[in-house]
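Read the structure below first, then the notes.
The values are calculated or read from the model by the stated rules, or taken from the named source; none is laboratory data. Nothing here was measured: the structure is a model prediction, and the numbers come from that model. Note that each Cβ is placed from the backbone with ideal geometry, even for glycine, and that neighbours are counted across all protein chains shown. What goes into the accessible areas is simple: the full protein's heavy atoms, side chains included, and nothing from ligands, DNA or RNA. Shrake-Rupley method; radii C 1.70, N 1.55, O 1.52, S 1.80 Å.
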Amino acid sequence: MLMQDFRYALRQLGKAPGFTATVVAVLALGIGVNAAMFTVVNSVLLQPLRYRDAERIVQFNTVQDQRPAFPRVTGGDYLDVRAQSSSFEKIAYYDGGEMGVQLGDHAVFTTIQQVSVDFPQVFGVVPVAGRVFDEGSVARTALVTVPFARENYGGPRQAVGRTFNVEGKPYEIVGVLATAAAYPAKASVWLGMIPNPESLERTAYNYHAVGKLKPGVSLESAQAELAAISGRMAVANPASNQNKTIVVKPLRDQIVGRVRPVLLLLLASVGVVLLIVCVNVALLQLARATQQARQTAVRTALGATRFRIVRQVAAQAMVLAVAGCAAGVVLAVPAVKLLVRFAPQDLPRATDIHLDFLVVGVSFAASLLTILLASIAPAWQASRVDPAEALKQDTARGLASRHSTSVRNALVIAEIALTFTLTVGAALLVHMLVRLSTVDLGYATSNVLVVYAHAPAATEADAVAKTHTLENAVAQIRAIPGVERAAQVMGLPTGQYGSNGGYMVVGKGDPHDWTHMPEADFGLSGPGYFKTLDIPLVRGRDFDAHDQFTSPFVAIISQSLAQQSFKGEDPIGKRILCGLDSPNPMTIVGVVGDVRQDSPAELPGAALYMPLTQHPWHANEVEIVARTHVPPASLIDQVRGKMQSLDPSIATKFTTLDESVGESIATQRFRSGLLLGFALLALVLAALGVYGVMAYAVAQRRVDIGIRIALGAERQRIVQMILRGALRLALVGVVTGLVLSGLLVRTMQSLLAGVATSDVLSYAVATVVLLVVAALAAYIPARRAAAIDPIQALRSE
């Protein structure tokens, strides 16, 4: 009997190719976008990390004075935890970033991590060639990834035993790791460090730390032990460790925690799209069930049971679900590739994103559930029709009851309400993106070439010499035709370099208590930097050639720092200290305008600028900025040639300031674009739903409309009547959507970066868009109704 049901289902669907194709296409859209989004969420948030015993790997964080957890530790705290804790199998520390690697006659930029000897053991990595670090020879040894080995040495085996330089120091490659074993994800070189950190200052959070829990040790028990250790450290070091606690977080949560809210929001959004798909399929099935009322009545009169009728409908649903799921998965493959391609570069675990059997299984379950929910109710309603009444109806019009009309209208209202909710969310995020694109950054971004330059320096004398080399490089870049101004900086807004920390005004505060000092961003700059970026000099002077390493130390502060620490005072001539690298007090010689340092989404904050030449240990890794009156990218080859001829050991890479700022809001752009795409898809589906209901209503009322026209009704009035019906449904849907959107925007509060969740413009845009879409979708059925020939309509009756 089941085989008969499936054969009957195939015959029935084959007789209605338009209905079948429409349902499969709608299902494919809904299942495809859901499968693609679930693939991303599953790969990033749910799948275990690709490390041995990954569930036991944790990252150490510092919590102090009830501030959010900070993913770093001090050297002194690290040593105390390692010495006193018994919950961990291994503990290791690391730190790094993008730096230059000197390879014979040239240098390359790559991501380097300096790690302690136990770092590979924490992650359980096994090299594809060579070995990992050992206690006796960890210093001046290195591990590299397979791609790094291939690009620079020809392959993993050829790389083992080779030597390169970093910061003027030689390192021997002892092992090559697979890319999947890399941590952090983009690292390609790991330099071995001594077991104990060099800096033991308990106010300098210079290190990241990871550990592997012992088998059988829970996260809670390890946290309780760390709380006890933190208490003992606070007693032993009250000035630095008061109200400080070391906490641990599972490594996967540490990696993906930042993007979890965004991905869950997007997953919920495609879930709403799937609900709209369900509503559309229900509308199609309801219309089909109504049109097949006579057929159902005949079968009921011949003895078919209600269960058999519903079961055959379920068989049709299964066939449609299989077809829709297959088409959806096919659609999901390119959709996943597009998602990965347009995802922000800092999306964690992007290389792990791929379709798997779990996604296919979930997609099929979603497809089957969608079609069943959309099919069973109409089938059950059709099976309850009185056969005698149904057989009296005209076959061209089917059977339309007041109840079925109410159900269709309710479904359309639900569809519009869900679409309105998505549209409001998309409008809020797009409004935020427009705001970020037009906000005053405090500096000018157009036509600025950015050159990342790392000049290796092993000693203080080397560092001082490299500052002069980079000054010469800036002078040569200024001489290139097309360059208006050029300068160098360590701490470019939205750039990869920079620092921050506490500072102290001489004569204010306790010079021995750095724990409760005000904080600021730290930047190092050369002469002409502020003018190059059009950052206004409000008071005083810029740095100049007299500000050398042997000269009295000076500083420039931002207006926010002046307001924060010198309210009502003239800051020029005051002295200030910071914990960057020198205990020397600095005389404030200037005040400049505020900038949005990390991204346009961040508010301007306090900033402290120092001359590069007076802080050489941080001055050999800089960004050179060149404002041009030609396209910046057109000068890259000339600048690269100048740098190479000046010093081939200097590693360089290039971008523009516009690109850098754009990358800083890539996550906002990604989520705004996706939610806008989902909203547009929902609008298309809602338009199809309104069109279908209005077209079906016109077909059902064909005779009624013909009589109206025959009695003298103007065709324009007929159009207005149909449009009023559609707009009435749309308005009820919008009002319902206002309630649902209130629930959505509460979850989006942290994602809107200055745009209020009650933004009137976004709600107005969503309302107008929905009403226009509903009117356009109803216009064709309305015109068709107005074109009815009353003679033919009455004759068909």
- prompt: What are the ³J(HN,Hα) values, in whole Hz, obtained from phi via the Karplus relation 6.51 cos²θ - 1.76 cosθ + 1.60 with θ = phi - 60°, for each residue of the stretch 564-570 in sequence order, with x given for Gly and Pro?
  reply: 6, 10, 10, 4, x, 10, 8
Potential extension, E519-D346 segment - 0.36 nm per residue separation minus Cα distance: 59.7 nm
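How would you classify the stretch 494-611 from its alpha-carbon gyration tensor, with a ≥ b ≥ c the square roots of the eigenvalues: rounded for a/c under 1.5, else prolate if a/b is greater than b/c, otherwise oblate? Show your work: numbers first, answer last.
Working: a/c = 1.37, a/b = 1.12, b/c = 1.22.
Judged from the Cα gyration tensor, the stretch 494-611 comes out rounded (a/c under 1.5).
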- prompt: So which lysines can K169 reach, going by Cα to Cα under 18 Å and dropping same-chain residues fewer than 8 places off?
  reply: K466
field: Residue-span extension gain [R575 to Y779] - 0.36 nm each, minus C-alpha spacing
entry: 66.1 nm
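Just subtract the alpha-carbon distance of A180 and R728 from 0.36 nm times their residue separation and send over the number in nm, one decimal. Present the calculation step by step, with values, prior to reporting the outcome.
Details: separation 548, 0.36 × 548 = 197.28 nm, distance 5.62 nm.
Here the answer is 191.7 nm.
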- request: Determine the relative contact order of the stretch 1-79: mean sequence separation of Cα pairs under 8 Å and six or more apart, normalised by residue count, in whole percent.
  value: 11
task: Whole Å is fine, so just give me how far the alpha carbon centre of the stretch 426-493 lies from that of the stretch 576-612.
output: 16
- prompt: Between T757 and Q66, how many nm apart are label points set 7 Å from Cα along the C-beta direction?
  reply: 2.3
query: Using a basic spin-label model with each label point 7 Å from the Cα along Cα→Cβ, how many nm lie between A365 and A268?
result: 2.1
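How much of the DSSP beta bridge set in the chain is antiparallel, as a percent to the nearest 5? Kindly include the intermediate steps, with their values, before the conclusion.
Numbers: 73 of 92 bridges.
The antiparallel proportion sits near 80 percent.
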field: Packing-based ranking, highest mean first, of 565-574, 69-78 given that Cβ atoms within 10 Å are counted
entry: 69-78, 565-574
task: Per DSSP H run of at least 4 residues, take -39500 (n - 2.57); add these up for the chain, divide by its residues and hand me the 222 nm value, nearest 500 deg cm²/dmol.
output: -16500 deg cm²/dmol
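With the other protein chains left in place, how much accessible area per residue, in square angstrom, belongs to the chain at a 1.4 angstrom probe?
Values: 34620 Å² over 797 residues.
Per residue, the chain has 43 Å² of solvent-accessible surface.
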message: Run the paramagnetic zone check for L79: 7 angstrom along Cα to Cβ, then residues of the stretch 171-205 with backbone nitrogen under 19 Å.
response: 193-205
- request: For a quick protection proxy, order the peptides 190-200, 172-182 by their average other-Cβ count within 10 Å, most packed first.
  value: 172-182, 190-200
Length-normalised contact order of the stretch 55-171 in % [C-alpha pairs under 8 Å, at least 6 apart]: 18
statement: Excluding residues fewer than 8 positions from K508 in its own chain, the lysines with Cα under 18 Å of it are K567, K574
task: Under 27 Å Cα to Cα from K249, which lysines show up? Leave out anything in the same chain fewer than 8 places away.
output: K90, K186, K212, K214
Estimated vicinal HN-Hα couplings, Hz - the stretch 87-103 in sequence order (Karplus 6.51, -1.76, 1.60; Gly, Pro = x): 8, 10, 6, 8, 10, 9, 10, 7, 6, x, x, 6, 9, x, 10, 8, 10
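Under DSSP H, which helices of the chain have Cα atoms covering 30 Å or more of the helix axis and a Kyte-Doolittle average no less than 0.0? Display every interim value, and only then the final one.
Values: long enough: 17-41 (35 Å, 1.82); 260-291 (46 Å, 1.83); 306-342 (51 Å, 1.42); 357-383 (37 Å, 1.73); 402-438 (53 Å, 1.00); 666-700 (50 Å, 1.35); 715-747 (48 Å, 1.12); 760-786 (37 Å, 1.72).
Qualifying helices, which must be both long enough and hydrophobic enough, are 17-41, 260-291, 306-342, 357-383, 402-438, 666-700, 715-747, 760-786.
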message: What number results when the radius of gyration of the stretch 31-108, computed over Cα atoms, is divided by 2.2 N^0.38 Å?
response: 1.67
query: To the nearest 0.05, what FRET efficiency results for Q563 and D253 with a Förster distance of 51 Å applied to their C-beta separation?
result: 0.85
- prompt: Which log10 I(q)/I(0) values, to two decimals, does the stretch 1-56 give at q = 0.20, 0.27, 0.28 Å⁻¹ under the Debye formula with one point per Cα?
  reply: -0.81, -0.98, -1.00
task: Let me have the relative contact order for the chain, percent, based on Cα pairs under 8 Å that are six or more residues apart.
output: 16
- prompt: By average Cβ neighbour count within 10 Å, what is the ranking of 731-737, 139-145, 540-546, 329-335 from highest down?
  reply: 139-145, 731-737, 329-335, 540-546
- prompt: Just how far, in whole angstrom, is the stretch 17-58 from the stretch 325-357 if you go by their alpha carbon centroids?
  reply: 8
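Tally up the carbon and sulfur contribution to the accessible surface of the chain as a whole percent, 1.4 Å probe, everything protein left in place. List each step's numbers first, then the result.
Numbers: 20420 of 34620 Å².
Roughly 59 percent of what the probe reaches on the chain is carbon or sulfur.
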query: Across 10 Å bins from the origin, how do the percents of Cα pairs in the stretch 654-797 run, short distances first?
result: 10, 29, 23, 17, 12, 7, 3, 0
